[in-house]
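What follows is one structure encoded as structure tokens, with my remarks underneath.
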Amino acid sequence: MHDLLVCRHINPAACPDMSKTAPVADTSRHAFDLVCDTDAQEISSTASRRLRRASEFLAAVQFMVGAGFHPKAGRTTLQLAEVFAERMARSSDGHFPFSAEATARQLGLKRRAVFNHARYLRELGLIAYVEHGSKRNVLRTRYGAAWTSEHGYRGTATLFAAVAPRVWDDAMGHRIEGQGYAGRQVGVTDAGRELAVAAAVERHRVRQGHQPTELVDNSGLCTPSVVVPQPRTSGSVDGELKDRTRERACQEKSPKNRAKGATGWSAARSAAAMQEARWVQLHTWWTQGSCVRQLAYALRPFFEAGWTWEEIGRELARWTVPLRPRHVASYVASEIRRRVNTGALFLPDGLVAPYRQPETSTWDDGQTPHGSRYAAMQAWKARTFRPAAARATAAFEEIRRVLARHAEPRRTRTAPECHVPGAHPENVRLTRAEIDALLEHSHPVVACETLWAQAEEAAEYRIEAQSRLSTWEHLPPAPPEPH
């Protein structure tokens, strides 16, 4: 048992004044010995009960540090407890990991200072070990003989549990059932109820103190964003409405603007298109199983052009789709657009958006955003590399001439004038008399039937000649000559 006045190193500003929050009983009635035995700092052997809420943990830390039960605990111990309280939200059991390096960076302390103040909290019975950290590579244990250097290194973190010593429960008037880590609060005593009421009144007073006490002056003019309500004048007099002027009533009504995303199709027309798309789906194997609504929307260019479902089905059958598309509607819409823009499918203009064709440019004509910059670069090249710049300029001039020649409209060629008298038509150079003279002295033209007959006769003659040359006669062997 220690006296608060002995702990002169504790900053009174850091430690809460328990006399202001609640009439806590004298700490001399509550004996507490520091938990210096490391075996008693485990959750299996600790005398403190489990805490799951960060607010209760911070209240217990403030009481134990403010009461001066540990001669070395102070402001830094409270800051370390606040870091632990933030990490308690990650676990439903009130457990939190402990990393000396990360905590030291967060608080701006040395690793040794973090270790010391964590030990102070353990000795005060406010935290207990759940699992001890280790530098052993857990990945090597997990993979066993299959572990390689590519798996890397991973150590085991230290896990703490937030706990509350029995001295804090007795001071707060908590009725505890059970012993050790498994103990739980089942109620409060009369003194604990008074302390809870006093703490609630103090919290209410603190909240009221932060609220503004001055009344807001609303007597000034309204801001421009505030519109003063005007009395309504929509009542009718003699059957006439008075809520609009005569000029507005007489002016022509502007056409209603179509909402963004609307297509102008009515519900009945969309339903009819879906019915047509259903028939198309039944007669096209790779569209079956897709969404009929999406398919009808993709086929709208055909419906706008007046096609029936039979014509649409025949058109889709010409596409020779080898596999079922992942998204049928998207494929149909993109294929319709591609075929229309390539000229393989003919639909009225305006139904399918055309592809954007970029304008042809040599990038140094000043027509593009980079024209002036490119011209300056070419001028620098001309000053630095004169022969290469001259060749580049000549090449660009040739490209411009070619582009200008292609941009000019093609001239329609006319038949050349014939200077032969009596020639008809214009592309014939011989007169009629010359043609008659050629026909008299030339062989007659053979018709197709006669030509085929002559060819067959020549083929038969050739085959007969070849067979006659290839025939041979078998003669029996001659008898032996007499001696």
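The values are calculated or read from the model by the stated rules, or taken from the named source; none is laboratory data. On a predicted model such as this, the values are computed, not experimentally measured, just so you know. Here the Cβ positions follow ideal geometry from the backbone for every residue, glycine too, while neighbour counts run over all protein chains shown.
Summary table below
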quantity: Failed item in (1) touching a residue at least 40 places away in the same chain (Cβ under 8 Å); (2) surrounded by fewer than 11 Cβ atoms within 10 Å (Cβ to Cβ), with D190 passing the rest; calculated: (1)
quantity: Filter result (charged (D, E, K, R) and modelled with pLDDT under 90) within the stretch 245-288; calculated: R246, E247, R248, E252, K253, K256, R258, K260
quantity: Subset of the stretch 367-384 (residues that are among the aromatic types (F, W, Y) and modelled with pLDDT of 75 or more); calculated: W380
quantity: Residue among S270, S330 that is loosely packed, with under 14 Cβ neighbours inside 10 Å, part of a helix (DSSP H, G or I) and of a type in the set (S, T, N, Q); calculated: S330
quantity: The stretch 321-366, residues that are of a type in the set (D, E, K, R) and at pLDDT 85 or above; calculated: R324, R326, E335, R337, R338, R339
quantity: Residues being in contact with a strand residue (DSSP E or B) (Cβ under 6 Å, 6 or more places away or on another chain), under 16 Å from Y181 (Cα atoms) and not aromatic (F, W, Y) - total across the stretch 122-155; calculated: 4
quantity: Residue ID - surrounded by the most Cβ atoms within 10 Å (Cβ to Cβ), chosen from residues in the stretch 38-59 that are out of contact with any Lys or Arg (no Cβ under 9 Å at 6 or more places or on another chain) and part of a loop (DSSP other than H, G, I, E, B); calculated: L51
quantity: Residue ID - farthest from the chain's Cα centre (by Cα), chosen from residues in the stretch 150-169 that are part of a helix (DSSP H, G or I) and surrounded by 12 or more Cβ atoms within 10 Å (Cβ to Cβ); calculated: V167
quantity: Any chance H70 is closer than 20 Å to E42 by Cα and touching an Asp or Glu at 6+ places or on another chain (Cβ under 9 Å); calculated: yes
quantity: Check on G173, modelled with pLDDT of 85 or more, in contact with a Gly (Cβ under 8 Å, 6 or more places away or on another chain) and on the phi > 0 side of the Ramachandran plot; calculated: yes
quantity: Residues of the stretch 114-149 classified as buried (at least 19 other Cβ atoms within 10 Å of the Cβ) and among the charged types (D, E, K, R), total; calculated: 2
